[in-house]
Amino acid sequence: MEVVVALLALVVIGLVIWLIAVQSGLGRLHRTLDRLAREVEGLKRGAQQAPPKEAAPMQTAAAEAEDPEDAARITAREALAPGAGAQQGDGPGTEGAAAAERPKMPWEEGYEPSRDKPAPKEPQAPAQPGWGEKLVHWLQANWFYAVSALSLALAGLFLVQYGIEQGYLTPVMRVAAALALGAALIAGGEWIRRKHGHQDAVAYLPDTFSAAGLVSLYGAVLAARGLYDLIAAGPAMAGLVAVSVGALLLGWLNGPVLAAFGLIGAGAAPFLVGGEAESATMFYVYYGLLGVAGLGIDAWRQWRWVSVLALVVAGLGGLACFAGSEEMPGFAILLTVMVLAAMALPRREIGPTHDGGAPLRWLLDRSGGWGGYEVLIAWGAMAAACFVLLVLPRDGAGEFLLIEGLFTVLILAVTLWAWQAKALSEMVLFPALGFLAVIPMESLMGGVLMRDATRVDATGVPIPALPLEASLVLVMAAHGTVAAAWRSLVEGREAVGRQALFWGIFAALFAPLVPLGLELFWLSPRTPGSFGWAAHVLALAALMVAIAVRFAKADGAQRRRAAWAVLSASALIALALFVLLTKVALTVALAVLLVMAAALDRRFRLREMQIFIALGVIVLGWRVVADPGLFWSLRASWGAFALGFGAALAGMAVALRLIPRENRLTGRAFLESGLLMISGIFVTAALWRFIEERVGEDGLFSHWSMGLTATVWIFCALAQVYRMRLGGRLKWLRIVLAALYLAAAGMFLLLGLTLFNPFISPGGGFLFPLARIHGPLVLDTLAVAYLLPALALAALARIGGRRLVPWALVPAVALGCFWVFIEIRRFWLGDDLSLGNGWLDGELYTYTVVLIAVGAALLWQAIAKGSTPLRRAALVVIGVAVVKVFLIDARGLTGLFRVFSFLALGLSLAALAWLNRWAAQEAAERAEGDEASERGEEGEEPPG
């Protein structure tokens, strides 16, 4: 029963494939007919508009024919040629009749608009019907071919069934009868094809008979194996392969239907015969040959979809073998071979030369198109194979290296073998991304990269060792980079165009990203400080330097490719320093690299070095804030602290001095913002260390530690705001980062103003510790806690402009006012500033004097600068002083303090009123003088 079901499935699949092929042929026929119809329409219009004198010399085939039969064979092009109608007449009046029938022009005598109207515009070609509509139309007209093929196939099956039921035939005779019927059907189809060719009347009969014969042959072999057990698995597979090869040969001669039958039948053969095999290697070879055969046949016949079918059959067959045997190497090699075949065979070339558009290039330039069929099938095969290679399970170092090696083979194939195929250049990104993605996938999924590599030293203690796999992967990456550099040089022989730049940046990026991935996902937690690994990275850096020198010689004045290579070499040197050095030494090394990058830019005008400078500033900022971070700066010795911050600041200052000013906005902006940020953090950390040493206690939970931590985050936000002037796509990222930094600063300021505020802290406990104040008046921890972040916020508001006034300047003014208030309270009450101690008369009187003085100062500045906002601020401060005097001082003060409070307020208000009136009069007189001078200038007459 299973064999019968398999045979019926083959029949259905074959019928579908045959219909698809016929549909494709009908589509081509429809397009040809549409083109011919448009040509005929154009010839008709030409015959109507041609002048009569051009028709006289021309003779038609009908006029020269010796008999009516020759005249009847006149072609459509000859019949519709200009003047053909006039030449078919006899007698001298023919030319005059043709001229009389010619349409009159508007300026000619006898013109009639109703009759001599201009020729209609060329009709647009009708819309092409869809695939479903074509299939329906074909079945309506040719359904009998499909039924015929199905009937003939079932006839062979029912013949065998009838012999079984009646007992007339032995099993051998039944199989022989099915084989004979299949051979007879195929022979009949070939006889029709040779006898009548491709005439319309019998166009589909050869394919119909041959397809039915192939089904009968497949059924005979399967019956001999599955029903009667007449042959073993090996001969059965050989028989199925022989039938499939015959189908491919018939497809070569007749059409794609039989070729598809052969491909599908050969692909299903290993699974239909049953049995077991010791190894799947021979099946991988078999499917590879099958795919190459299908591509080779389609390369000459140009059916296109047969190539896709060949790749699908080979890939699915190999996948099925892998699922049954779990032998990964053979399947991986099969996929690689199929990609190489898809690159070469469709164009019948040993070395691919694909040109024109490409899918990835189409995203950037729509005018180039997607590329031809050969380009698309190569891209599709490469993308599918790389994805499958990436997700294949890998067991052990050997399979891991095999996958990386196959990715390298694909990279070298696109780079070196297909160096003339411009349309396949960007296809190298698929294996390159796969090569890079294997490293984190192995680490995250617990593959070979997660095993510890150790060796034993002289004392018997195991120490980390550099795995051999890391060296081999790095060698593979170096091969890809060298090949890409060579390709870039070849593409840039005449001019450094898009292709040369693409391969140049690929060479600069591919190899340096590999050791970075290995360091992040493999070696860093297992082989810290390994000089052997650092030597590998430095060797790769030396290779990039050699590539940079070669690019510099080839480019001349334009050194973009050389700059990219130098940038990669610098990044690799920095990575080697990360591996070898720690803490301060690494910071010093990075600062030196910044100076080197700026010097190289100044000497060779390498604008791309700005990228390295920006990354270097970011890394230095990261080291100052996070790793080793601010807490390391507080615990390290003063020498290490000064060396780390001093090297970073000195390196950025020297780099800012060396970097050219022309067209270096990015580099200069990062250096300037980095200097601002790290300088502020340096001052903050130094103050923290100084206070802790003076007070002799850990100030982690104190009002001044909250203020210093908030100041650090404000300086980080200041650096991002400073870089916003660069604009570009990263502007919104900088806005988000600045907002996050300000949110962190606001959280610490809120803690300093609430839980750790000496004014409201009751003292004692962990959540509300005793707020101790250290230092002399004004220069104390209160200034560190509130005045320092206020100054940082004021600097942020100045750099950020008007948009940051409500977010930076207003909080800065509020913090400054609170600091003045708390310092006055300390002056009168000492170190215990708690709210529970009440208020002193001198304290309240001091607040009034300070408010009046601040209001007077603001009013003076408003008058001097003519600033309306300052005048409004002065009036607000003076108003607050008036309210305080009448509501608080009148009730809280006693004796002379109350008298002096009102006296000071009254005299101050009188003086401020006089000052304001005087300023208004001066402004009015100045305005009148300006108007008079303007009128005088208008009244003067020019000298005559």
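One line per residue, one yes/no per condition, for (1) outside the structural domain of residue 780 (by the TED database); (2) touching a strand residue (DSSP E or B) at 6+ places or on another chain (Cβ under 9 Å); (3) closer than 21 Å to residue 801 by Cβ:
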position: 673; (1), (2), (3): yes, no, yes
position: 679; (1), (2), (3): yes, no, no
position: 704; (1), (2), (3): no, no, no
position: 713; (1), (2), (3): no, no, yes
position: 717; (1), (2), (3): no, no, yes
position: 732; (1), (2), (3): no, no, yes
position: 737; (1), (2), (3): no, no, yes
position: 749; (1), (2), (3): no, no, no
(message) When you check residue 417 against the structure, is it at pLDDT 90 or above and hydrophobic (A, V, I, L, M, F, W, C), yes or no?
(response) yes
(request) State the number of residues belonging to the range 857-873 that are buried (at least 19 other Cβ atoms within 10 Å of the Cβ) and under 16 Å from residue 917 (Cβ atoms). (result) 3
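Yes/no matrix, rows are residues, columns are (1) assigned to a helix (DSSP H, G or I); (2) modelled with pLDDT under 85; (3) out of contact with any helix residue (DSSP H, G or I) (no Cβ under 7 Å at 6 or more places or on another chain):
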site: 752; (1), (2), (3): yes, no, no
site: 777; (1), (2), (3): no, no, no
site: 785; (1), (2), (3): yes, no, no
site: 788; (1), (2), (3): yes, no, no
site: 791; (1), (2), (3): yes, no, yes
site: 796; (1), (2), (3): yes, no, no
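Scan the range 661-711 for residues that are outside any helix (DSSP H, G or I) and buried (at least 17 other Cβ atoms within 10 Å of the Cβ) and jot them down. Reasoning before the result, please.
Narrowing the range 661-711 to residues outside any helix (DSSP H, G or I): 661-664, 696-702.
Within the range 661-711, 664, 699, 702 meet the criteria.
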(request) Tell me which residues, restricted to the range 824-844, are closer than 14 Å to residue 884 by Cβ and open to solvent by 60 Å² or more (accessible area, probe 1.4 Å). (result) 839
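Residue-wise test of (1) more than 56 Å from the chain's Cα centre (by Cα); (2) surrounded by fewer than 19 Cβ atoms within 10 Å (Cβ to Cβ).
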{"position": "805", "(1), (2)": "no, yes"}
{"position": "809", "(1), (2)": "no, yes"}
{"position": "819", "(1), (2)": "no, no"}
{"position": "822", "(1), (2)": "no, no"}
{"position": "849", "(1), (2)": "yes, yes"}
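Can you find even one residue in the range 361-377 that is open to solvent by less than 20 Å² (accessible area, probe 1.4 Å), closer than 17 Å to residue 420 by Cβ and part of a loop (DSSP other than H, G, I, E, B)? Give the steps one after another, and end with the answer.
Of the range 361-377, the ones open to solvent by less than 20 Å² (accessible area, probe 1.4 Å) are 375, 377.
Keeping just the survivors that are closer than 17 Å to residue 420 by Cβ gives 375.
Subset that is part of a loop (DSSP other than H, G, I, E, B): none.
There is no residue in the range 361-377 that is open to solvent by less than 20 Å² (accessible area, probe 1.4 Å), closer than 17 Å to residue 420 by Cβ and part of a loop (DSSP other than H, G, I, E, B).
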(request) From the list 417, 362, pick out the single residue that is out of contact with any Leu (no Cβ under 7 Å at 6 or more places or on another chain), free of Cβ contacts under 8 Å to residues at least 40 places away in the same chain and hydrophobic (A, V, I, L, M, F, W, C). (result) 362
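When only residues in the range 296-312 that are at pLDDT 85 or above and touching a helix residue (DSSP H, G or I) at 6+ places or on another chain (Cβ under 7 Å) count, which is nearest to residue 349 (Cα to Cα)? Walk me through how you get there before you give the answer.
Quick first cut of the range 296-312, residues at pLDDT 85 or above only: 307-312.
From what is left, the residues that are touching a helix residue (DSSP H, G or I) at 6+ places or on another chain (Cβ under 7 Å) are 307-311.
On the way: 307: 15, 308: 18, 309: 20, 310: 18, 311: 18 Å.
Per the stated criteria, the residue is 307.
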(message) Within the range 865-882, does at least one residue satisfy the condition of being outside any helix (DSSP H, G or I) and either modelled with pLDDT of 70 or more or not assigned by the TED database to the domain that holds residue 820 (or both)?
(response) yes
(message) Please go through the range 755-773 and give me each residue that is open to solvent by less than 50 Å² (accessible area, probe 1.4 Å) and either at pLDDT 85 or above or closer than 23 Å to residue 828 by Cβ (or both), ordered by number.
(response) 756, 757, 758, 759, 761, 763, 771, 773
(request) Those residues that are of a type in the set (Val, Ile, Thr) and in contact with a helix residue (DSSP H, G or I) (Cβ under 8 Å, 6 or more places away or on another chain), I need them from the range 375-413; list them, please. (result) 375, 377, 388, 403, 408, 409, 411
(request) Would you mind telling me which numbered condition in (1) in contact with a His (Cβ under 9 Å, 6 or more places away or on another chain); (2) among the hydrophobic types (A, V, I, L, M, F, W, C); (3) loosely packed, with under 15 Cβ neighbours inside 10 Å residue 424 fails? (result) (3)
(message) Can you say whether residue 549 is within 25 Å of residue 504 (Cβ to Cβ), modelled with pLDDT of 85 or more and within 32 Å of the chain's Cα centre (by Cα), as far as the supplied structure shows?
(response) yes
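The values are calculated or read from the model by the stated rules, or taken from the named source; none is laboratory data. These numbers were taken from a predicted model, which means no experiment stands behind them. Quick reminder, even Gly has a Cβ in these numbers, built from the backbone with ideal geometry, and neighbours come from all protein chains shown. To get the accessible areas, we keep the full protein, side chains included, count just its heavy atoms, and leave off ligands, DNA and RNA. Shrake-Rupley method; radii C 1.70, N 1.55, O 1.52, S 1.80 Å.
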